[in-house]
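Report on one structure; see the data block that follows.
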Amino acid sequence: MSQSYNRGLIEDFGRWKEFSAGMWAWIFHKFTGWMLIGYLFTHIAVLSTAIGAAQGETMMLASEQVDVYTGTIQGLESLFIIRVLEVGLLAVAVFHILNGLRLLMVDLGIGLTAQDKSFYASLILTGVITVASVPTFLTGVGL
Amino acid sequence: MSTQQQEPETQEAPEDPEMKGTQSPQERRLEEKESGLTEDADSAGDLEGETVHLKVFRYDPEVEGKQEPRFDDFHVPFEKGMTVLDAVMYARDEYDSSLTFRHSCRQAVCGSDAFFVNGKQRLGCKTQIVELEQPVRIEPLPHQEVVKDLVVDMDHFYDQMHAVEPYFQDEETPAAADLEEQRQSPENREKIKMSSRCIWCGACMSSCNIAAGDNEYLGPAAINKAYKFAMDDRESEAIKEHRLRILEQEHGVWRCQTQFSCTEVCPKDIPLTEHIQELKREAVKKNLKFW
């Protein structure tokens, strides 16, 4: 062959409107997976304050002397942005779980012809659960 | 000729569970066609006597001034039942004889004319113009080098196909003198039926996101080919194991991330993802030991 033309990656994100259900499921699963890994690190960071608390470390929270673990958690929970992020975290986790079940079915070879429907179902369920969780997550926090 | 047809005699439903209950892709399409019948008739009526606007990818490394890829517009008179292939053939025959693309049988058997039509890998001869939005954008298959216009380099695809040893292997082939046949059970034939429909068009490989990023990945078509032989009962266990050893390598079945892109674009409705998943399970079963 004398010469040929490499068009590179055609199905880049510029073509997102043409992506099929299975493709979206894959992208969302990857994305939520990385989000959960990221959360894991912040989770460990927050929980590790319990080590300090066990050694008697204290901090001031709303002019009150509390142990460092309770203080960190209560301090974070009083922030509106943290509550919103928690709703987001729930959405991400729920989708990852539901789509994970879907992928489990796919791996077992069950209902492969309905794979797009099961993706939409997991999306809708995620939405419903997330919306239902909003009152719980946003109680007692001032804007 | 009248378009009215006699109702064919009702056939008995096949016993095989694969064919019963679940809707086949063809049945689904027929249903869609039926439900949208009036709509289709309308749109066909609209197009009658009109032209189809094609936007065709052009590239020619041998002619100066054509080395920069571009899109050419063609306005082809519409005919009832016109396929994408018919349209590009008309454009080539009537407007621009340098327009290059592969085609041969024109009935979805040879697998030459897989194009990237309106953002999806489709077989040109199997895609009706009426089903597409205009302008119809026709490009060569993505993730393959373009040789000229709509012609892509298929060498890599064929290499992957051959890598899985796509031929029947059996040491116990009866001697020709015995005139004995190697019979396959009907059940086993049903099992590999869909996988045997592959026409090597390369649409699946081109649609696969993983194959695009990993050049060593066997790809859906090759794995499907391997499935056809690995699931054939007439081959011995040893050969099946040999086949699974090829498939379970790093760039074999485990690269599949079940995006279903291949299954979606396959013009022969082969459940590619299902076959890949089944081979994954076979590969695990082979290696699983509880002692």
Residue count for the range B:222-281, restricted to those that are within 13 Å of chain A (Cβ to nearest Cβ), within 17 Å of the chain's Cα centre (by Cα) and over 22 Å from A:S118 (Cα atoms): 1
Test: residue in the range B:183-199 that is away from every other protein chain (no Cβ under 14 Å), buried (at least 18 other Cβ atoms within 10 Å of the Cβ) and among the acidic types (D, E): no
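List the helices (runs of 4 or more DSSP H) inside the range A:1-97, counting only whole elements, that have at least 2 residues being over 13 Å from the mean Cα position of the chain (by Cα), more than 14 Å from chain B (Cβ to nearest Cβ) and surrounded by 14 or more Cβ atoms within 10 Å (Cβ to Cβ).
Hits in the range A:1-97: A:49-54, A:68-77.
Here is a yes/no grid of residues against (1) at pLDDT below 90; (2) at positive phi; (3) assigned by TED's automatic domain parsing to the domain that holds B:I223; (4) in a loop (DSSP other than H, G, I, E, B):
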position	(1), (2), (3), (4)
B:T100	no, no, no, yes
B:S104	no, no, no, yes
B:Q107	no, no, no, yes
B:S112	no, no, no, yes
B:F116	no, no, no, no
B:Q134	yes, no, no, yes
B:L141	no, no, no, yes
B:M161	no, no, yes, no
Condition met for B:F260 (within 26 Å of B:T127 (Cβ to Cβ), among the aromatic types (F, W, Y) and touching a helix residue (DSSP H, G or I) at 6+ places or on another chain (Cβ under 9 Å)): yes
Enumeration of residues in the range B:51-71 that are away from chain A (no Cβ under 14 Å), modelled with pLDDT of 85 or more, farther than 18 Å from B:L141 by Cβ and surrounded by fewer than 20 Cβ atoms within 10 Å (Cβ to Cβ): B:T51, B:H53
Tally, over the range B:140-155, of residues that are surrounded by fewer than 19 Cβ atoms within 10 Å (Cβ to Cβ) and under 17 Å from B:R122 (Cβ atoms): 1
Conditions (1) over 14 Å from A:L112 (Cα atoms); (2) of a type in the set (A, V, I, L, M, F, W, C); (3) touching a helix residue (DSSP H, G or I) at 6+ places or on another chain (Cβ under 9 Å): number failed by B:L288: (3)
Any hit, the range B:212-229, residues being among the hydrophobic types (A, V, I, L, M, F, W, C) and under 20 Å from B:V117 (Cβ atoms): yes
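Yes or no, residue by residue, for (1) part of a strand (DSSP E or B); (2) of a type in the set (K, R); (3) out of contact with any Lys or Arg (no Cβ under 9 Å at 6 or more places or on another chain); (4) touching a residue at least 24 places away in the same chain (Cβ under 8 Å):
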site	(1), (2), (3), (4)
B:R122	yes, yes, yes, yes
B:V130	no, no, no, yes
B:Q169	no, no, no, yes
B:P174	no, no, yes, no
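Is one or more of the residues making up the range B:151-172 under 16 Å from the mean Cα position of the chain (by Cα) and over 20 Å from B:V109 (Cα atoms)?
yes
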Exclusive hit being out of contact with any Asp or Glu (no Cβ under 8 Å at 6 or more places or on another chain), more than 9 Å from chain A (Cβ to nearest Cβ) and free of Cβ contacts under 8 Å to residues at least 24 places away in the same chain, set B:Q160, B:Q107: B:Q107
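The values are calculated or read from the model by the stated rules, or taken from the named source; none is laboratory data. Quick caveat, the model's predicted, so the values are computed rather than measured. Virtual Cβ from ideal backbone geometry, glycine too; neighbours counted across all protein chains shown.
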